[in-house]
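See structure below.
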Amino acid sequence: EGLVDWLKLHGSVIFLWPRLQAICKVMEEVLKVFQKSDKSGSGKIDISTVTSVLKKIDPVIFDDRFIKAVFGSGKEGLVDFTGFTSWVTGSSESKDFIETPDLQDDVDDLDMDTAMVDDMLDKAKEKFDELDKDGNQSLDMKELRVLCEWTFQQFGRSFKNDKEKSKAIDKQIKRYEKVGSTWGFDEFETYYLKLMVDIEAYQVKRSEAFEKGYNKSEAAQKFKELDVDGSGFLDGEEVEVFAEWIFQSFHPDGKPLTDEQRKAEAKKLLQRLDDKKGNSDGKLSFVEVDFFIEDKIKQIEEFKKKSAEREEKQKKKEAEKQAAKEAKKVKQKAKEEFEKADTNKDGGLDMDEFKKMQKANAAEKASE
């Protein structure tokens with residue numbers, strides 16, 4: 001049932017014109033919050049954000065019963081805005097717009113051929129071995145924290161500071177602990193395969209948002225700037241320009257890269273983003289590089305900020321040094337004038353000596 005049907009069935013308010021007005025108000029307010037919150041262009045916002053907005057709009061209509069019936073009892077998860085809009089307007093009865101974290105989701109229905117399954121299983125084992133630092137064939141909480149960080153990276157999640165990051169990891173670790181305090185390969189494999197499906201779905205969403213122009217992020221703008229032929233991919237010389245942009249951004253006063261160096265840097269980028277993290281097709285799609293570009297833009301901004309601070313600090317230091325030098329010169333000049341005026345060398349100036357010194361200074365200024 002859609003929002004209209006839900007309201008009719010459960011009788012939260014009399015189903016008349018005010019109810020339709022309520023729906024319009026819902027969409028207006030949620031759209032405002034969505035546009036403000038969805039900076040990554042993923043098309044999703046937190047369940048807690050949506051429910052908070054709904055309760056502020058009308059706590060009677062959108063009471064706890066409504067929230068639980070529509071969003072479930074959990075407060076964690078994401079709401080797909082397109083799907084939510086369809087449900088609210090009644091064009092769809094599906095509640096598939098809600099995504100909640102669940103390590104126990106069944107992955108047996110994955111529609112993949114044998115070769116793809118084998119490849120994913122190999123990658124799962126490879127990732128497990130990478131995380132299993134002590135080689136005891138199980139992942140303890142310390143190793144699972146590394147898994148958590150890696151998972152955040154796959155979804156482009158960033159944090160304002162280490163404290164915020166640590167808090168998010170602690171929260172995720174509690175979810176991991178529901179599976180067990182340590183994970184063997186079987187537990188990890190189930191999680192990994194489900195994660196890969198979620199990542200692929202997330203990539204599709206990001207790709208669609210980019211292609212349709214919904215993604216207005218700096219990363220999207222930079223990708224379009226680099227994608228000179230508008231193919232939707234970076235390849236050949238475009239990758240070289242991409243590599244040169246990164247290098248020159250961190251070496252603004254350095255020498256330009258030679259053709260050989262450009263090609264070498266481009267090769268490194270492809271190995272890192274396409275071979276290790278992408279589909280190894282020799283070119284870079286938006287979803288293979290958007291998080292990377294986003295990180296680089298932040299790093300470049302931080303680099304420029306620190307460079308400006310260092311430059312300002314250096315200028316201040318030079319100014320203080322120059323001021324000290326000038327003060328020393330003034331002091332030396334005053335000493336010389338004093339010694340010159342002290343004709344009787346008694347270490348002081350009597351009235352005649354003082355007047356003569358004043359007269360000499362006046363004459364010197366007049367000549368200037």
> In the range 279-290, what residues are among the hydroxyl-bearing types (Ser, Thr, Tyr) and open to solvent by 30 Å² or more (accessible area, probe 1.4 Å)?
Replying inline: Ser280
> Which of (1) touching an Asp or Glu at 6+ places or on another chain (Cβ under 8 Å); (2) exposed (fewer than 15 other Cβ atoms within 10 Å of the Cβ); (3) aromatic (Phe, Trp, Tyr) does Phe250 not meet, given it meets every other one?
Replying inline: (1)
> Of the residues Asp295, Asp342, which single one is on the phi < 0 side of the Ramachandran plot and modelled with pLDDT under 85?
Replying inline: Asp342
> Which of the residues spanning the range 138-175 are touching a Lys or Arg at 6+ places or on another chain (Cβ under 7 Å) and more than 20 Å from Lys298 (Cα to Cα)?
Replying inline: Glu143, Ile169, Ile173
>> Residue under question is Gln137, and the condition is that it be modelled with pLDDT of 65 or more, part of a loop (DSSP other than H, G, I, E, B) and under 20 Å from Val179 (Cα atoms); does it hold?
In response: yes
> What pairs come up if the first residue lies in the range 343-361 and is touching a residue at least 40 places away in the same chain (Cβ under 8 Å), the second is surrounded by 10 or more Cβ atoms within 10 Å (Cβ to Cβ) and not in a loop (DSSP other than H, G, I, E, B), and their beta carbons are under 7 Å apart, counting only those six or more places apart or on different chains?
Replying inline: none
> Out of all the residues in the range 156-179, which are open to solvent by less than 100 Å² (accessible area, probe 1.4 Å) and either within 19 Å of the chain's Cα centre (by Cα) or β-branched (Val, Ile, Thr) (or both)?
Replying inline: Gly156, Ser158, Phe159, Asn161, Glu164, Lys165, Ser166, Ala168, Ile169, Gln172, Ile173, Val179
>> Would you confirm whether or not the range 291-313 contains a residue that is surrounded by 10 or more Cβ atoms within 10 Å (Cβ to Cβ), within 59 Å of the chain's Cα centre (by Cα), touching a residue at least 40 places away in the same chain (Cβ under 8 Å) and not in a helix (DSSP H, G or I)?
In response: no
> How about the range 59-84: which of its residues are part of a loop (DSSP other than H, G, I, E, B), at pLDDT 70 or above and closer than 20 Å to Lys32 by Cβ?
Replying inline: Pro59, Phe62
>> Could you check the range 351-368 and list, in sequence order, the residues that are exposed (fewer than 10 other Cβ atoms within 10 Å of the Cβ) and more than 17 Å from Lys333 (Cβ to Cβ)?
In response: Met351, Ala366
> Within the range 257-277, can one find any residue that is outside any helix (DSSP H, G or I), open to solvent by 50 Å² or more (accessible area, probe 1.4 Å) and within 30 Å of Met196 (Cα to Cα)?
Replying inline: yes
>> List pairs: first residue in the range 258-273 and over 13 Å from Leu234 (Cβ atoms), second residue open to solvent by less than 50 Å² (accessible area, probe 1.4 Å) and of a type in the set (Val, Ile, Thr) anywhere in the structure, Cβ distance under 8 angstrom, at least six positions apart or on different chains.
In response: Glu265/Ile246
> Do you know which residues across the range 216-241 are of a type in the set (A, V, I, L, M) and open to solvent by 20 Å² or more (accessible area, probe 1.4 Å)?
Replying inline: Val228, Val241
>> Looking for something surrounded by 13 or more Cβ atoms within 10 Å (Cβ to Cβ) and in contact with a Leu (Cβ under 9 Å, 6 or more places away or on another chain) - is there at least one such residue anywhere in the range 198-215?
In response: no
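The values are calculated or read from the model by the stated rules, or taken from the named source; none is laboratory data. Keep in mind the model is a prediction, meaning the values are calculated, not measured. Cβ atoms come from the backbone with ideal geometry, glycine included; neighbour counts cover every protein chain shown. Surface accessibility is based on the protein's heavy atoms, side chains included, excluding ligands, DNA and RNA. Shrake-Rupley method; radii C 1.70, N 1.55, O 1.52, S 1.80 Å.
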